[in-house]
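What follows is a short report on a single structure.
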Amino acid sequence: MTKVDNPATATAPAPSPPLTERQEARRRRILQTSARLAGRGGFDAVQMREVAESSQVALGTLYRYFPSKVHLLVATMQDQLEHLHATLRRQPPAGETPAERVAQTLMRAFRALQREPQLAEAMARALTFADRSVSPEVDQVSRQTTAIILDAMGGLDHPTPEQLSAVRVIEHTWHSTLITWLSGRASIAQVKVDIDTACRLLDLTAAGPSAERR
C-alpha cells in the first residue's frame, strides 16, 4: 500500500494557480498514458514508474501531479467523463422527457465504458479505494457526472433541491451498476432497467418542488 504525504497536497485543496500551457500538456500526457495502460491491463497495469517513463516526466514530477495511483486513476475517470460530456453536447440525446434523455445519456456512457472493460475496472476500483485524501478528485468526478445529467435534462441553470436530490440518486445508481456489471453480478439488460428506474425519479420533480405536505 503506497502512502505519500506530500506537504503540497496533504493540506485541504487551497486554490492553486492555473497550470501553464506546458504543465497542462504534461498533465494531458500523464492522463493519456494512465488510460492506455489501464485499458491494456486494468488497475494492476498502472504502475507509477511506468506512467512517468511513458509520459516522459520525472517520477517526482508525476507524484506532484498525482500523489498515488488512486489519485491518478480517479483523475483519469474525470478526464474520460469530460470527453464523454463534450461528445454528448455535440450529439445530445433525443428523448422526449428529461428521464428518457438522462437514461439514454447514461447508457451511452455505460456502453462507452463497456468497450474498454479493463479501463472501466481500473477507474471503478480506484473510486472504491479512494480515501479522504482523494476527495478533491472524487468531487470532480461527481461534479462532472452531475453536469452530464443536468445537461441531458435540459441544461437547468437553477435546479431545485428535489431535482438535485434525484440527480444524486441517479448518479449513485450509475456508479453502483457499473461496479455490479464489472463484477459479473448484473447484465447490461439489468443495468438498463436499474438506470431507467432511477431516472424516473426525475418525473416526480418535473413540475418543481414536491407536493406540499398537508
message: With n ≥ 4 as the cut-off for DSSP H runs, can you work out [θ] at 222 nm for the chain, using -39500 (n - 2.57) per run divided by the number of residues, rounded to the nearest 500?
response: -22500 deg cm²/dmol
task: Determine the share of the range 18-59's accessible area contributed by carbon and sulfur atoms, expressed in whole percent, with a 1.4 angstrom probe.
output: 44
- prompt: Can you give the relative contact order of the range 142-199 as a percent, counting alpha carbon pairs under 8 Å and 6+ residues apart?
  reply: 33
- line: Distribution output for the range 76-169: share of Cα-Cα pairs per 5 Å bin in percent, first bin at 0, values 3, 13, 22, 23, 20, 13, 6, 1, 0
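Relative contact order (percent) for the chain, with alpha-carbon contacts under 8 angstrom and 6 or more residues of separation? Don't skip to the answer; put the middle values down first.
Values: 209 pairs, mean separation 48.7, N = 214.
Relative CO of the chain lands at 23 percent.
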- request: Calculate, for Glu116 and Arg200, the FRET efficiency according to 1/(1 + (r/R0)^6) with r their C-beta to C-beta distance and R0 30 Å; round to the nearest 0.05.
  value: 0.55
task: Return the carbon/sulfur percentage of the accessible area of the range 74-168, one whole number, probe 1.4 Å, all protein chains in place.
output: 49
field: FRET efficiency estimate (nearest 0.05) - Cβ-Cβ, Thr20 to Arg89, R0 30 angstrom
entry: 0.65
query: Across 5 Å bins from 0, what is the distribution of all Cα-Cα pair distances for the chain, in whole percents?
result: 1, 7, 14, 17, 18, 15, 12, 9, 5, 2, 1, 0, 0
Accessible area expressed per residue, the chain, with surrounding protein chains retained (probe 1.4 Å, Å²): 58
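The values are calculated or read from the model by the stated rules, or taken from the named source; none is laboratory data. Note that the structure is predicted; figures quoted are calculated from it, not measured. All Cβ positions, glycine included, derive from the backbone under ideal geometry; neighbour counts span all protein chains shown. Heads up: the accessible areas ignore ligands, DNA and RNA and are worked out on the full protein's heavy atoms, side chains in. Shrake-Rupley method; radii C 1.70, N 1.55, O 1.52, S 1.80 Å.
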